[in-house]
Amino acid sequence: LRELRNGGSRSTNFMTSLFSFKSSSSSSSSSSSSSSSNHTQQRLPGAIIIGVRKGGTRALLEMLNLHPDVDVAKAEVHYFNVEEHYQQGLDWYRAQMPFTQAGQLTVEKTPGYFASTQVPARVWDMNPAVRLLLIVRDPAERLVSDYTQVRHNRLERHKPYQALEEMLLHQGDINPEYKALQRSLYHQHLARWLEVFPREQIHIVDGDALIRDPYPELQKAERFLGLPARISPSNFYYNSTKGFYCLLSAGHDKCLDESKGRPHAPLSEQAFRKLCHYFRKPNRVFFGMVGRSFSWC
Ligand SMILES: Nc1ncnc2c1ncn2[C@@H]1O[C@H](COP(=O)(O)OS(=O)(=O)O)[C@@H](OP(=O)(O)O)[C@H]1O
């Protein structure tokens with residue numbers, strides 16, 4: 001899978017960028033949540049995709065958005081993890097949400113929430129009944145994807161960057177200080193969420209399974225969110241140029257933009273093996289916490 005993902009060439013000028021099938025109003029910058037003329041209204045999210053960064057959060061959000069009873073905040077909101085946003089209060093947060101009909105579920109995704117220490121208690125304060133979705137992916141692959149994203153951003157800003165192996169290894173051993181490594185220690189972050197929320201309120205999505213075959217993961221998410229089953233296999237088709245599933249709805253199709261599925265930065269087999277070895281124990285702890293296992297490296 002790794003070779004396929006890294007070696008496979010993907011067209012970068014692929015058809016569509018981020019998409020919106022639904023014609024809901026875009027987020028308002030005003031702090032008002034007042035009803036519009038067609039009786040829609042901005043509402044606080046009933047469900048939040050809290051992470052993990054590079055886990056497939058955008059794909060999950062857009063796939064949930066296929067559901068007629070769901071509408072999503074198009075951009076990442078970063079309310080609970082960015083102090084200047086949080087200080088503006090819930091009216092500001094609500095104003096970032098789409099206008100929805102009564103009975104529709106509002107969903108937002110901000111992958112930075114998962115590893116941010118103050119976020120769980122803040123989310124609870126907003127709504128202790130909010131449903132949380134956590135999409136996880138092989139932590140070694142996630143780390144490489146995370147590094148690749150950071151390197152891409154630095155290259156775009158003409159800033160220097162270090163090779164992944166230099167960041168990851170210190171005198172031949174895994175460097176535990178590397179931030180992208182820490183973000184892959186899922187058990188540590190989940191433990192903080194479980195100090196605040198009961199386990200049943202956090203649904204775990206298998207990000208690797210979502211890439212291979214999205215529909216079963218979406219069925220489970222629908223059930224967790226208490227939604228009628230409306231998403232169907234015909235909403236997905238495999239796009240071999242892109243190397244991913246894309247979405248189909250009401251005659252429109254769309255794929256995630258080229259920021260998803262970038263060729264991963266190179267890492268020697270030896271370093272990758274060390275990484276897999278390093279994650280073995282933390283992964284086991286995580287499996288125990290969530291009550292299931294994943295076939296990670
Ligand atoms: N259908 C579909 N299309 C495109 N990409 C898909 C899809 N499903 C999952 N993914 C995987 O999503 C990975 C990016 O994760 P995130 O959206 O969470 O990234 S981010 O944290 O918001 O930057 C991204 O990771 P990389 O491949 O490492 O770029 C994809 O592998």
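The values are calculated or read from the model by the stated rules, or taken from the named source; none is laboratory data. Because the structure is predicted, anything quoted here is derived from the model rather than measured. Cβ atoms come from the backbone with ideal geometry, glycine included; neighbour counts cover every protein chain shown. Ligands, DNA and RNA are stripped out before the accessible areas are found, and what is left, the full protein with its side chains, is counted by its heavy atoms. Shrake-Rupley method; radii C 1.70, N 1.55, O 1.52, S 1.80 Å.
Only residues that are away from the ligand (no atom under 15 Å from the Cβ), assigned to a loop (DSSP other than H, G, I, E, B) and within 24 Å of HIS277 (Cα to Cα) were counted across the stretch 176-214, and they come to 4. Selection within the stretch 68-108: residues that are open to solvent by 20 Å² or more (accessible area, probe 1.4 Å) and of a type in the set (A, V, I, L, M). The member of this set that is nearest to LYS260 (Cα to Cα) is ALA75. Within the stretch 41-67, being over 8 Å from the mean Cα position of the chain (by Cα) and either within 12 Å of the ligand (Cβ to nearest atom) or open to solvent by 10 Å² or more (accessible area, probe 1.4 Å) (or both) holds for GLN41, ARG43, LEU44, GLY46, GLU62, MET63, LEU66. If you check LEU256 against the conditions, is it surrounded by 18 or more Cβ atoms within 10 Å (Cβ to Cβ) and under 29 Å from TYR161 (Cα atoms)? When the stated conditions are applied, LEU256 passes them.
Filtered by the rule that a residue be surrounded by 15 or more Cβ atoms within 10 Å (Cβ to Cβ), within 16 Å of the ligand (Cβ to nearest atom) and more than 15 Å from the chain's Cα centre (by Cα), the stretch 130-167 gives ALA140, VAL144, TYR147, THR148, VAL150, ARG151, LEU164. Regarding LYS220, is this residue closer than 30 Å to GLN118 by Cβ, within 20 Å of the chain's Cα centre (by Cα) and either open to solvent by less than 30 Å² (accessible area, probe 1.4 Å) or of a type in the set (D, E, K, R) (or both)? In short, yes. Only one entry in PHE244, PHE279 is within 22 Å of the chain's Cα centre (by Cα), open to solvent by less than 20 Å² (accessible area, probe 1.4 Å) and of a type in the set (Phe, Trp, Tyr), namely PHE279.
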